[in-house]
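Step one of this worksheet: look at the structure below.
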Amino acid sequence: MLHERLRLVREMAGLSQRELSRLAGVSEGTVWFVECRPERETATTLTAALAKALGVSLDWLVCGCGDEPTAEAI
């Protein structure tokens, strides 16, 4: 599962959640959230829910692939 793999590689790198958050440019709470929440509530699922709520594609929100949505479409 994502949260287990993230924790594994972070610990293998010898990093604390705080250190990883600084390297990644995200809050420490974000790292904690992804590592400590059940798989169904991880960043991927959360991001998909946000994209759906906004009426944009997950691909566009995550990587900018495809056409940018218009204000009318949202």
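The values are calculated or read from the model by the stated rules, or taken from the named source; none is laboratory data. Bear in mind the structure is a predicted one, so any value in this text is a computation, not a measurement. Cβ atoms come from the backbone with ideal geometry, glycine included; neighbour counts cover every protein chain shown. To get the accessible areas, we keep the full protein, side chains included, count just its heavy atoms, and leave off ligands, DNA and RNA. Shrake-Rupley method; radii C 1.70, N 1.55, O 1.52, S 1.80 Å.
Numbers for the structure displayed
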{"item": "Net charge dipole size for segment 14-67 [Lys, Arg +1 and Asp, Glu -1 on Cβ; Debye, nearest 20]", "result": "100"}
{"item": "Largest to smallest accessible area among Asp67, Asp59 [probe 1.4 Å]", "result": "Asp67, Asp59"}
{"item": "Percent carbon-and-sulfur accessible area, the chain, ignoring ligands, DNA and RNA, probe 1.4 Å", "result": "59"}
{"item": "Shape box of the chain [Cα atoms, principal axes, largest first, Å]", "result": "46, 24, 18"}
{"item": "Probe 1.4 Å, accessible area per residue of the chain, Å²", "result": "73"}
